[in-house]
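*Asks:* Below are the structure tokens for one structure; questions will follow.
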Amino acid sequence: MPRFAPAAWAANLALLYGLRALAEEVGATTAQLALAWVFSQAEHVLGIPGTTQPTYLHDNLGAADLMLSPAQTAQTAQTARLEAAVAPQRVAGHRHGAAAQAEVDTEARRRSALGRAGRR
């Protein structure tokens with residue numbers, strides 16, 4: 001996984017400090033903040049955290065109490081800061097190695113294929 005290669009690791013680890021600071025501001029753990037962000041994306045988006053430890057299960061459940069909806073200005077600002085902290089252009093390394101990426105079927109690739117089929 002290229003994002004965990006030594007060259008990318010240090011750069012990506014530095015992103016964690018911003019996430020920790022924001023999590024502390026909202027009274028949550030970084031895991032809760034990340035899950036709350038996933039839950040705030042849309043009604044049809046569902047986060048599926050996994051754990052084998054009851055402590056982490058309770059931590060994950062606490063994300064439901066953290067609201068990151070655009071309903072309040074402060075929450076909108078926090079969400080914007082969160083998204084800026086881990087924006088794709090700030091993350092070092094590809095998500096998958098070249099061989100694994102060739103096997104990934106993404107929505108973008110499907111839309112692209114559909115677009116080509118429609119032009120024939």
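Coordinate-derived values only; no laboratory data. All of these numbers come straight from a predicted model, not from anything done at the bench. Every residue, glycine among them, receives a Cβ derived from its backbone with ideal geometry; neighbour counts consider all protein chains shown.
*Asks:* Determine whether L35 is hydrophobic (A, V, I, L, M, F, W, C), touching a residue at least 40 places away in the same chain (Cβ under 8 Å) and not in a loop (DSSP other than H, G, I, E, B).
*Replies:* no
*Asks:* Going through the stretch 84-102 one residue at a time, which ones are assigned to a loop (DSSP other than H, G, I, E, B) and of a type in the set (D, E, K, R)?
*Replies:* R95
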